[in-house]
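These notes concern the structure reproduced below.
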Amino acid sequence: MTRSNSNGPLVPSGGATGPRTVEDKGNPKFNATTHGIFCGVVVLKGESRSECESVLNGLRDALQPQGTLEEILVDKLAMILWRHRRLILAERGQFLKNKSEFEKQQQVAAERMEASLGPASKKGLVESISNPFILKRCLQWLTTLRDRIQEDGDESASNKDYAILTTIYGVATLDLPHETLLNTYASWLERVSHERGLHEDREVGLGSYKHVPNKDISDKKVLRAMEAEIHRLKQFKKSQRPDQIEQGRQEVLRLSMNEGSGLELLVRYETSLERAFDRTLAQLERVQRIRLGQPVPPRLEIGLNH
């Protein structure tokens with residue numbers, strides 16, 4: 001039995017439930033774009049309507065829904081998947097936020113350590129170069145000193161720069177039996193100061209350096225020592241990078257798993273979405289089995305004890 005449609009050809013009196021022409025049957029987007037329950041509602045500002053419809057079309061093509069109820073259930077599956085996609089983006093944003101928080105903690109620790117050290121400190125920043133911000137600071141200082149020596153030679157020798165080196169290495173380095181960048185610089189500064197005829201109190205700590213191994217030391221030797229130290233720290237940076245990445249990842253995960261953290265809430269939401277997807281898919285399968293006259297398995301009810 002048919003009825004007349006003033007806007008087109010005759011259609012079944014029961015109403016159309018799918019594509020009617022060869023062209024429509026060959027177009028998998030036909031049903032999705034005519035069913036308005038899903039994409040017009042859940043797509044937020046800034047999200048792609050076409051990507052949302054692509055998810056819906058893919059499910060419709062795979063599950064072949066017939067009738068309003070099956071179409072609505074497939075729409076619901078697409079809605080859950082779209083929300084899951086949004087969840088993944090939110091999870092990435094939360095992880096980056098926690099990563100930024102961890103890096104901020106490292107930076108604050110580096111700034112506090114630098115502020116606590118002075119020219120007469122026994123220990124220096126170099127003992128804590130596992131902190132990437134401290135390592136970066138040390139390399140910046142050494143590179144600046146190297147460039148200054150290259151440009152000005154003996155004229156660049158100063159108590160101020162010596163104080164910076166003691167902040168990096170600590171005055172205890174001066175007592176080491178082997179030659180270090182700090183005692184090499186101290187010997188050079190001692191020699192240059194005598195040549196300038198200066199007799200300073202050396203409040204920066206040079207006066208505590210009792211033994212000057214080589215008063216004829218040149219700026220070239222200081223440069224070589226400084227280049228070697230810069231190279232050592234850069235190599236240390238390369239060798240430590242995988243460990244720092246893993247340490248950072250572990251710390252970010254620790255921050256993420258804290259009670260009440262944003263990522264923990266997202267994980268709970270993900271579990272909820274997965275359960276909703278499984279329930280909806282089971283409902284669709286039951287409805288399709290009934291339509292096809294196939295046996296319907298009993299529902300499996302699982303109770304969770306808290």
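Structure summary
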read-out	value
Residue count for the stretch 49-70, restricted to those that are surrounded by fewer than 22 Cβ atoms within 10 Å (Cβ to Cβ), more than 36 Å from the chain's Cα centre (by Cα) and not hydrophobic (A, V, I, L, M, F, W, C)	6
Check on V252, surrounded by 15 or more Cβ atoms within 10 Å (Cβ to Cβ), modelled with pLDDT under 60 and part of a helix (DSSP H, G or I)	yes
Of residues in the stretch 201-246 being part of a helix (DSSP H, G or I), aliphatic (A, V, I, L, M) and modelled with pLDDT under 65, the one surrounded by the fewest Cβ atoms within 10 Å (Cβ to Cβ)	I245
Residues of the stretch 78-123 satisfying the condition of being more than 28 Å from T173 (Cβ to Cβ) and of a type in the set (V, I, T)	I80, I88
Unmet requirement for S13, which otherwise passes all of (1) surrounded by fewer than 11 Cβ atoms within 10 Å (Cβ to Cβ); (2) touching a Lys or Arg at 6+ places or on another chain (Cβ under 7 Å); (3) at pLDDT 85 or above	(3)
Lone qualifier among S116, S100, S121, S130 - being at pLDDT 85 or above and over 14 Å from E229 (Cβ atoms)	S130
Top-ranked residue in the stretch 118-132 [being buried (at least 18 other Cβ atoms within 10 Å of the Cβ) and of a type in the set (A, V, I, L, M, F, W, C); ranked as farthest from F236 (Cα to Cα)]	L125
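The values are calculated or read from the model by the stated rules, or taken from the named source; none is laboratory data. A quick note: this is a predicted structure, and the numbers were derived from the prediction, not measured. All Cβ positions, even for glycine, are placed from backbone atoms using ideal geometry, and neighbour counts span all protein chains on display.
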